[in-house]
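Single-structure report; data block below.
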Amino acid sequence: MENFLQYLSAIWPLTPLFLFIIAVSFRLLDNSTYLFLKNDILVNTSNVSRRILKSQINSSDDATFIKQLKRALLYRNLQQSFLILAIVTLPLSFIFYFLS
């Protein structure tokens, strides 16, 4: 058990960084702005909100466009989830690092 805690104390400070890198990779996979521009839908910013994604999913008739938007929405949700996990584990990693 003590060996496991030593291993965990060595890897735990890097956990927020790994989670942030995963969140950034999901953000790079989210190509919702490209999807809108490809279908001649103008957007003001490169960060399309989830509300707009959901409204386009409900109002569109194109099945492939809906499938691509659902994938983009999934990537957006995963990105936000991993970003929240990175923020939550940051203070925990500092506490665990300084207590060990």
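The values are calculated or read from the model by the stated rules, or taken from the named source; none is laboratory data. From a predicted model like this one, the values you see are computed outputs, not experimental measurements. Virtual Cβ from ideal backbone geometry, glycine too; neighbours counted across all protein chains shown.
A few points about this structure:
- Of the helices (runs of 4 or more DSSP H) contained entirely in the chain, those carrying at least 2 residues that are among the small types (G, A, S) and either surrounded by 13 or more Cβ atoms within 10 Å (Cβ to Cβ) or free of Cβ contacts under 8 Å to residues at least 12 places away in the same chain (or both) fall at 2-11, 15-29, 50-59, 63-99.
- Number of the exception - R51 against (1) more than 27 Å from I21 (Cβ to Cβ); (2) modelled with pLDDT under 90; (3) more than 20 Å from the chain's Cα centre (by Cα): (3)
- Within the option set S93, S32, S46, being modelled with pLDDT under 90, of a type in the set (S, T, Y) and in contact with a Lys or Arg (Cβ under 8 Å, 6 or more places away or on another chain) holds for one residue only, S32.
Rundown of residues vs (1) touching a His at 6+ places or on another chain (Cβ under 7 Å); (2) small (G, A, S); (3) over 26 Å from F98 (Cα atoms), yes/no style:
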{"site": "S9", "(1), (2), (3)": "no, yes, no"}
{"site": "P13", "(1), (2), (3)": "no, no, no"}
{"site": "P16", "(1), (2), (3)": "no, no, no"}
{"site": "L28", "(1), (2), (3)": "no, no, yes"}
{"site": "D40", "(1), (2), (3)": "no, no, yes"}
{"site": "V43", "(1), (2), (3)": "no, no, yes"}
{"site": "S49", "(1), (2), (3)": "no, yes, yes"}
